[in-house]
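Asks: Quick one: the structure is below, and I'll ask about it shortly.
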Amino acid sequence: MKRWIAIWNILKKDMKAYYLKPPNISWGLIFPLAWTGMYFIRSGGGLEGVLELLPGVTAISILFGTTSMLAVTVTFEKKNRSFDRLLLSPIPLELLMLAKTAGAILFGIVNSFVPILIAAFLTDLSGAAWSAAVPAILLCAVVSTLLGLSIATAVSEVFEAQTISNFFRFPMLFLCGLFFPIEQLPVFLRPLSYALPLTYGADILHGAFSGANVMSYALDFSILVLFCAALFALSLFSIRRRWIL
Amino acid sequence: MSNPDKAEPRYTTTPAIAVEGLSKRFGSVQAVAGVDFEVSRGEFFGFLGPNGAGKTTTINMLTGLARPDAGTICIAGVDYTKQPKAAQRLIGVVGDESNLYPELTGFENLCFCAALYGMRKKKRLARAGELLEMFGLKEAADRKFGGYSRGMKRKLTIAAGIIHDPQILFLDEPTTGLDVASARQIRQLIADLHRAGTTIFLTTHYIEEAERLCERIAFIVDGRIIRTDTIASLLQPLQGKQVMLFEVERDGRTLCGKLAAAFDNLAFDAFSDGRIRAEAAGPVPVGPLVRFIEEQGVTVLEARRQQPSLEDIFVKITGIETDALQREKEKPGGSA
Ligand SMILES: Nc1ncnc2c1ncn2[C@@H]1O[C@H](COP(=O)(O)OP(=O)(O)OP(=O)(O)O)[C@@H](O)[C@H]1O
Ligand SMILES: [Mg+2]
């Protein structure tokens, strides 16, 4: 019970202090709107293309709402030493990290529903396979957040956290099959695509919204879960090694 | 302030802190080199040493922010290496930086810290209010911590350190960088906490602070404890001693030999900055001394009586000139 009080309050504090700040909220709205707008300008306005676009926009909304947010806020707290308070509290590190990531994960999930809501106004989403889409969104949010946590544990300055997040995020836009199929990438880039977790999340979302998945859901989900577990273990390992000196 | 942990009698035999062979190396720097000490329950223990002596590294190992290379730590009988989280529940930590959340208010910061220890909402609010009152921060309760002055930040950080009413409180240089009034206020608060039964482990490089607050002191230099003793025993050799301090317009060390030869019942210490310290079992003959120095062609700028203090002992034991400790200049008569 005592632990849950702590975890709940860490989550609440992060939400209030970081995630629910106006710049972040507007960022979550502007990004999907901009991408959707860009699509319409490029394609000349056909609404039937929305479903093809939706998986990509959803995935990047998650990615942009989570990775750098967590990397930056954790690095910031580490730098001003307030993170020491968490390390000094009588709560196991695993639970602490769960609390720290939960805020970003929730924020990512909320962000992902912005493009989905926009799409719901523009087209018919009744054919979407929500039983695949919702877990995929959750796993994408978890994996992007944990990527942010791993980045935070590897850097010591806020600007480094920002730079490295971008280093991962921007190539992921093009390499993960979000907007065009991986088969269209040059052959030498394809292995890279398969090394990125978002590729599998995007694949499920393509399947869920337009039946266009290339791999089986089972494979996609398994690989995503593996990525989550590996990133979490890696983050805990480097926190124990680098931060508890 | 009811804490079941604290209901335990103070005279219990398990020490509050027991440390053996504690060592820590950072690359080529041996920050802490085989430190042993024990702090009894309810004791006020001081760790006194110059910059880089290993004070913060020791505190970090005792509180779980650093992993010792070797050695054992027991906190109130709990083995730190085996049950770090159980030990952390018993301790409060005020680090060398005021590390609360700049974007939260003073009140929110305290409530958040209380939540980290699993306190329920009603208790959190009450405790935060109580501490803000106690530390004189009531007016600033709803202002953001980031906008606090240095002294206010320090006070709120100490309040956050005792939010869960810990048995043992670690304080890493709580008054460094504060003005005289704030430092005095903070010392008073710490003294009050000690009086209320909290075991206190304090690091400082202010000798006067250690002398005024602590019951027992360990001198730490270059990662090693040179001596651990009670203030009373440390000051024992100074009983009945009288000290005069002369300031001359030249390196005092050039006169030291001559003085010692001429006044064989006095002991002299001289420093490069022109200070000469004369110590005697009875009154120091000021007139003859001044005359003697001036006969050597050296002008005496000032002569003043000095209360023999822990500083003299520190210099004797460690061989460190106290300038290295950045003595805090404070008018005599300061309380706490
Ligand atoms: N994280 C670290 N990496 C490398 N060296 C370190 C680290 N932390 C401390 N040291 C070194 O260990 C030694 C002891 O440092 P420590 O901070 O414990 O001293 P201190 O007594 O607290 O000094 P101060 O009075 O300046 O706070 C110093 O030489 C310091 O440079
Ligand atoms: Mg220090």
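Asks: Collect the residues in the stretch B:113-139 that are within 14 Å of chain A (Cβ to nearest Cβ) and in contact with a Gly (Cβ under 9 Å, 6 or more places away or on another chain), keeping them in residue-number order. Talk me through it step by step, then tell me what you get.
Replies: Here is the first cut: in the stretch B:113-139, the residues within 14 Å of chain A (Cβ to nearest Cβ) are B:113-125, B:127-128.
Those that are within 14 Å of chain A (Cβ to nearest Cβ) and in contact with a Gly (Cβ under 9 Å, 6 or more places away or on another chain): B:Cys113, B:Ala128.
Asks: So which of B:Leu132, B:Leu110, B:Leu100, B:Leu104 ends up being in the same structural domain as B:Ser23 (by TED's automatic domain parsing), more than 16 Å from ligand 2 (Cβ to nearest atom) and in contact (Cβ under 8 Å) with a residue 60 or more places away in the chain? Steps first, answer last, please.
Replies: Working: B:Leu132 fails: in contact (Cβ under 8 Å) with a residue 60 or more places away in the chain; B:Leu110 fails: in contact (Cβ under 8 Å) with a residue 60 or more places away in the chain; B:Leu104 fails: in contact (Cβ under 8 Å) with a residue 60 or more places away in the chain.
From the options B:Leu132, B:Leu110, B:Leu100, B:Leu104, the qualifying one is B:Leu100.
Asks: For B:Leu65, all conditions in the list (1) at pLDDT below 95; (2) within 30 Å of B:Val315 (Cβ to Cβ); (3) within 16 Å of ligand 2 (Cβ to nearest atom) hold save one; what is the number of the exception?
Replies: For B:Leu65, the failing item is (2).
Asks: For a quick check of your reading of the model, give me the residue pairs whose first member lies in the stretch A:234-245 and is among the aliphatic types (A, V, I, L, M), whose second is within 13 Å of ligand 1 (Cβ to nearest atom), with beta-carbon atoms closer than 8 Å and at least 6 apart or on different chains.
Replies: Filtered contacts from the stretch A:234-245: A:Ile244/B:Leu65; A:Ile244/B:Ala66; A:Ile244/B:Arg67; A:Leu245/B:Phe26; A:Leu245/B:Asn60; A:Leu245/B:Leu65; A:Leu245/B:Ala66; A:Leu245/B:Arg67.
Asks: Here are some residues: B:Lys6, B:Lys82. Which one is at pLDDT below 95 and in a loop (DSSP other than H, G, I, E, B)?
Replies: Values: B:Lys6 fails: in a loop (DSSP other than H, G, I, E, B).
One residue alone meets the criteria, B:Lys82.
Asks: Test B:Ile226 against the stated conditions and say whether it is over 18 Å from B:Pro288 (Cα atoms), more than 14 Å from chain A (Cβ to nearest Cβ), touching a residue at least 24 places away in the same chain (Cβ under 8 Å) and within 16 Å of ligand 2 (Cβ to nearest atom).
Replies: Details: over 18 Å from B:Pro288 (Cα atoms): yes; more than 14 Å from chain A (Cβ to nearest Cβ): yes; touching a residue at least 24 places away in the same chain (Cβ under 8 Å): yes; within 16 Å of ligand 2 (Cβ to nearest atom): no.
Against the criterion (over 18 Å from B:Pro288 (Cα atoms), more than 14 Å from chain A (Cβ to nearest Cβ), touching a residue at least 24 places away in the same chain (Cβ under 8 Å) and within 16 Å of ligand 2 (Cβ to nearest atom)), B:Ile226 does not qualify.
Asks: Regarding B:Thr72, is this residue closer than 25 Å to B:Thr230 by Cα and either within 14 Å of chain A (Cβ to nearest Cβ) or within 15 Å of ligand 1 (Cβ to nearest atom) (or both)? It would help to see each step written out before you state the result.
Replies: Numbers: closer than 25 Å to B:Thr230 by Cα: yes; either within 14 Å of chain A (Cβ to nearest Cβ) or within 15 Å of ligand 1 (Cβ to nearest atom) (or both): no.
No; evaluated as a whole, the condition is false for this residue.
Asks: Here are some conditions: (1) among the charged types (D, E, K, R); (2) in a helix (DSSP H, G or I); (3) in contact with a Gly (Cβ under 9 Å, 6 or more places away or on another chain). B:Asp142 meets all but one. Which one does it not meet?
Replies: Against the list (1) among the charged types (D, E, K, R); (2) in a helix (DSSP H, G or I); (3) in contact with a Gly (Cβ under 9 Å, 6 or more places away or on another chain), B:Asp142 comes up short only on (2).
Asks: Let me ask something else about it. Checking the condition touching a residue at least 40 places away in the same chain (Cβ under 8 Å), more than 14 Å from chain A (Cβ to nearest Cβ) and within 16 Å of ligand 1 (Cβ to nearest atom), which residue from B:Ala191, B:Ala210 passes?
Replies: Details: B:Ala191 fails: within 16 Å of ligand 1 (Cβ to nearest atom).
None of the others qualify; the one that does is B:Ala210.
Asks: Within 16 Å of ligand 1 (Cβ to nearest atom), crowded, with 21+ Cβ neighbours inside 10 Å and hydrophobic (A, V, I, L, M, F, W, C): is that true of B:Ile217 in this structure?
Replies: Here the answer is yes, as B:Ile217 does meet what is asked.
Asks: Something else: Pick out, from the stretch A:111-217, the helices (runs of 4 or more DSSP H) lying fully within it that include 2 or more residues that are in contact with a Gly (Cβ under 9 Å, 6 or more places away or on another chain).
Replies: Values: elements: A:130-154, A:158-175, A:190-194, A:197-210.
The qualifying helices (runs of 4 or more DSSP H) are A:130-154, A:158-175, A:197-210.
Asks: Can you tell me which residue in the stretch B:12-55 is farthest from the other protein chains (Cβ to nearest Cβ), limited to those that are touching a Gly at 6+ places or on another chain (Cβ under 8 Å) and near ligand 1 (Cβ under 10 Å from one of its atoms)?
Replies: It comes out as B:Ala53.
Asks: Given the options B:Leu156, B:Leu178, B:Leu169, B:Leu202, name the one that is within 14 Å of another protein chain (Cβ to nearest Cβ) and either closer than 23 Å to B:Thr57 by Cβ or within 16 Å of ligand 1 (Cβ to nearest atom) (or both). Explain how you work it out, then say what you get.
Replies: Numbers: B:Leu156 fails: either closer than 23 Å to B:Thr57 by Cβ or within 16 Å of ligand 1 (Cβ to nearest atom) (or both); B:Leu178 fails: within 14 Å of another protein chain (Cβ to nearest Cβ); B:Leu202 fails: within 14 Å of another protein chain (Cβ to nearest Cβ).
After applying the criteria, what remains is B:Leu169.
Asks: Within the stretch B:272-288, count every residue that is under 16 Å from B:Arg253 (Cβ atoms) and out of contact with any helix residue (DSSP H, G or I) (no Cβ under 7 Å at 6 or more places or on another chain). Working first, answer last.
Replies: Quick first cut of the stretch B:272-288, residues under 16 Å from B:Arg253 (Cβ atoms) only: B:272-278.
If we keep only those that are out of contact with any helix residue (DSSP H, G or I) (no Cβ under 7 Å at 6 or more places or on another chain) as well, we get B:273-275, B:277.
Of the residues in that region, 4 qualify.
Asks: Within the stretch B:170-177, can one find any residue that is surrounded by fewer than 21 Cβ atoms within 10 Å (Cβ to Cβ), over 26 Å from B:Gly42 (Cβ atoms) and within 16 Å of ligand 2 (Cβ to nearest atom)?
Replies: There is at least one residue in the stretch B:170-177 that is surrounded by fewer than 21 Cβ atoms within 10 Å (Cβ to Cβ), over 26 Å from B:Gly42 (Cβ atoms) and within 16 Å of ligand 2 (Cβ to nearest atom).
Asks: Being in a loop (DSSP other than H, G, I, E, B) and more than 14 Å from ligand 2 (Cβ to nearest atom) is the filter here, so list the residues in the stretch B:18-54 that pass it.
Replies: Taking the stretch B:18-54 as the starting set, the residues that turn out to be in a loop (DSSP other than H, G, I, E, B) are B:27-28, B:40-43, B:49-54.
The answer is B:Gly27, B:Ser28, B:Ser40, B:Arg41, B:Gly42, B:Glu43.
Asks: Among the residues in the stretch B:144-151, are any modelled with pLDDT under 95, away from ligand 1 (no atom under 16 Å from the Cβ) and among the basic types (Lys, Arg)?
Replies: Yes, because at least one residue in the stretch B:144-151 is modelled with pLDDT under 95, away from ligand 1 (no atom under 16 Å from the Cβ) and among the basic types (Lys, Arg).
The rows are residues; the columns are (1) farther than 24 Å from B:Gly197 by Cβ; (2) without any contact (Cβ under 8 Å) to a residue 24 or more places away in the chain; (3) assigned to a loop (DSSP other than H, G, I, E, B).
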position	(1), (2), (3)
B:Thr56	yes, no, no
B:Met61	yes, no, no
B:Pro68	yes, no, yes
B:Cys74	no, no, no
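The values are calculated or read from the model by the stated rules, or taken from the named source; none is laboratory data. Just so we're clear, the structure is a prediction, and the values are computed from it rather than from any experiment. Using ideal geometry, Cβ is built from the backbone for each residue, glycine included, and neighbour counts are taken over all protein chains shown.
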